[in-house]
Amino acid sequence: MESLSSRIRSSSIPRDYVKKRSVSHQFLGEDAAELFTKLVTVGRSLLSHSLAENKHVDFDEALHPTATLVSLAASSHNDAIEALVKGIHDHSVRRPKGIADAYVQAYLAAIDGRVYINTTRFEDVEKGADCTCSEALQFMPYIDEAIGTSLTTHFNAAYEKVKSFPLLSLPAELRLAVYSYALPRHKELILKTSPLERKGGRGGLGFEFFRVSKCINAEVTEYFYESRPLLFKCDNFRLCYGKARGLEFAMTAAKEIAVPTRHLLSSLIIQVTVFRLTIPNPIGSLVETTRLTDILNLFDNLKTIEVNFLSLYKEVYKTPLRSSAKRLAVWLIEAFPPSVEVSWTFDTCFVEQSIDEVRLALEDDSGTEAVSTFV
């Protein structure tokens, strides 16, 4: 029988498909000389025509230089090419080979009076997504300084005549109505505590419609994240028995959120599922509260925290279960920032005695009864 190791590997699967190539491995030598030739040729084409004539300029020849021109540029402009490569490495430009194509795409849109759109394209799937218009324009001032072109000036002159996006002329109330219709209907954003969980609330934010204008993108982002709470799911077994992986995944997921986006989140919901534990719940097995505190500190604009206690049982009358809920409530409140308003809700299966125990534990241990409310 043929072994797996002796079978011929499919040619459609690259051997290093799991390895992410660094910029230095993607862009050196001939690629740098080719990009230099493209940018210089595009710059010369723009200089030789007026702003009105540039609308009819064919950039196809400039974007596909011959091997002779590339070889000549590599031999006669070595210093400029080295400066270009250094800048690309320092700025970590994604797929720099497509900078010239992205610039021409943005320029042609601007000269036609349209707002350029960042489209995700893959010339080579193995190497990742190509450079977008915004990424190329952001890096263009350094290119002008490194190789002596004036591409940024030409683009700014063309972009001055671009009319604002029609949606921006509508009243703010109508714009928000459009955003609410187009955005996904998620009631909350889910903070991942497991690699198996899907990230919530990201599906609609990648629409090209929201990326045609920085102003629209900022409005949509602010509207989406300010109007939705962040949901953090946990249980007493993970938190009280040293199962810290959930907190580690939550910390990683929180750090992946952009800092400006984290600042927009002002409401947090902690959903706690209380299980019936068959082993003792020693104090020493509790996870350090600083771990949860570190997660909460990432969200510097939190104003309210709602803690929901859930149970899988119809009646919560067993002492171990009530004790577990009480310990977990104390553990949570010790990690909460003092300036945040905290509210507590309990599932109907929790009897009044259990709620009273948690309330007394909070008042005795934290003294936060003034900012905590029970439902």
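The values are calculated or read from the model by the stated rules, or taken from the named source; none is laboratory data. For clarity, every value in this text was computed on a predicted model and none was experimentally measured. Neighbour counts are summed over all protein chains in view; Cβ atoms, including those assigned to glycine, are modelled from backbone coordinates with ideal geometry.
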- Restricting the search to the range 27-51, which residues are in contact (Cβ under 8 Å) with a residue 60 or more places away in the chain and in a helix (DSSP H, G or I)? ASP31, GLU34, LEU35, PHE36, LYS38, LEU39, VAL40, VAL42, GLY43, LEU46, LEU47
- Task: Determine, yes or no, whether GLU145 is surrounded by fewer than 17 Cβ atoms within 10 Å (Cβ to Cβ), in the same structural domain as VAL42 (by TED's automatic domain parsing), modelled with pLDDT of 80 or more and over 22 Å from the mean Cα position of the chain (by Cα).
- Result: yes
- Go through the residues of the range 159-175 one by one and say whether even a single one is at pLDDT 85 or above, in contact with an Asp or Glu (Cβ under 8 Å, 6 or more places away or on another chain) and in a helix (DSSP H, G or I). yes
- State yes or no: is THR120 outside any helix (DSSP H, G or I), in the same structural domain as VAL42 (by TED's automatic domain parsing) and closer than 17 Å to LEU39 by Cα? no
- Which residues, counting only those in the range 85-106, are more than 16 Å from ASP60 (Cα to Cα), over 22 Å from the mean Cα position of the chain (by Cα) and crowded, with 23+ Cβ neighbours inside 10 Å? ILE88
- Would you mind stating whether SER92 is of a type outside the set (Asp, Glu) and either touching a Phe, Trp or Tyr at 6+ places or on another chain (Cβ under 6 Å) or on the phi > 0 side of the Ramachandran plot (or both)? yes
- Message: Suppose the filter is surrounded by fewer than 18 Cβ atoms within 10 Å (Cβ to Cβ) and either at pLDDT below 80 or assigned by TED's automatic domain parsing to the domain that holds ILE143 (or both); does ARG15 pass it?
- Response: yes
- Just to be sure, is ALA109 outside any loop (DSSP other than H, G, I, E, B), over 24 Å from the mean Cα position of the chain (by Cα) and either buried (at least 16 other Cβ atoms within 10 Å of the Cβ) or modelled with pLDDT under 80 (or both)? yes
- Query: Scanning for something part of a helix (DSSP H, G or I), hydrophobic (A, V, I, L, M, F, W, C) and surrounded by 13 or more Cβ atoms within 10 Å (Cβ to Cβ), does the range 124-133 turn up at least one residue?
  - Reply: yes
- Considering the range 52-68 alone, what residues qualify as being aliphatic (A, V, I, L, M) and either in a helix (DSSP H, G or I) or within 37 Å of the chain's Cα centre (by Cα) (or both)? ALA62, LEU63, ALA67
- Task: Select from the range 86-106 the residues that are in contact with a helix residue (DSSP H, G or I) (Cβ under 7 Å, 6 or more places away or on another chain) and either modelled with pLDDT under 80 or not aliphatic (A, V, I, L, M) (or both) and list them in ascending order.
- Result: GLY87, HIS89, HIS91, SER92, VAL93, ARG94, ARG95, PRO96, LYS97, ASP101, TYR103, GLN105
- Message: Just checking: which of the helices (runs of 4 or more DSSP H) contained wholly in the range 214-291 hold 2 or more residues that are at pLDDT 85 or above?
- Response: 214-226, 245-256, 259-264
